[in-house]
Amino acid sequence: MQATQKQIITDISQLDPEGSYTYADYLLWRFQESVELIKGRLFRMSPAPGRIHQEISTELTRQFANFFVGKTCRVYSAPFDVRLPVSRKKGQDTTVVQPDLCVICDPAKLDERGCAGAPDLIVEILSPGNSIKEMRDKYRVYEEAGVREYWIVNPAEKVVLVYVLNEKGIYIGLAPVTVEDPLRAAIFPDLVVDLKEVFV
């Protein structure tokens, strides 16, 4: 059963896991579980992130926030809805994600509900159970939506994979960055992240 304009959904079991949903449906959901929509498909998010995930997210957010003080770009961490302009259905967004961290430089994309459009940079931190979604499904929609730079942080291996959109709109993978190396954002060359502070 899919949500109609007037149905408030209070339990995730009321939704068809194979159904196709839009952002309008998403706004009517009032259950505890955190979910994302990728091209209309419902994805349950991992349970509350573990301690290591949270420490990495907090440190990255701190370093990003310090760098962007006084600049036009804004930094947001999850939970924060990002509606991506991919696979729209009847004029409705069908992809709503909550990246661990994102940087948005165009204030016109920001509204009271979050971000409508592609952030400039997105960071996702892998945790058990979400690796396939981050590595495959989100990679595809971030590329299609035009997210200029995408970082995948792997806490287990203490490595960050960086993908940068080329002029054809295709992600190009850069060399993996480890604790021994400075992590420099391709689209913000002055933003250098100290991974020794991230992977403690």
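The values are calculated or read from the model by the stated rules, or taken from the named source; none is laboratory data. Being a predicted model, the structure only gives us computed values, none of them experimental. Ideal geometry is used to build each Cβ from the backbone, glycine not excepted, and the neighbour counts take in all protein chains shown.
Taken together, the residues in the range 55-79 that are modelled with pLDDT of 95 or more and under 19 Å from residue 153 (Cβ atoms) amount to 17. Out of 102, 73, one residue alone is of a type in the set (A, V, I, L, M, F, W, C) and over 15 Å from the mean Cα position of the chain (by Cα). It is 73. Residue 145 meets the conditions (1) among the aliphatic types (A, V, I, L, M); (2) under 20 Å from residue 36 (Cβ atoms); (3) at pLDDT below 95 in every case but one. The failed one is (3).
Being at pLDDT 95 or above and in contact with a strand residue (DSSP E or B) (Cβ under 9 Å, 6 or more places away or on another chain) is a property that residue 197 lacks.
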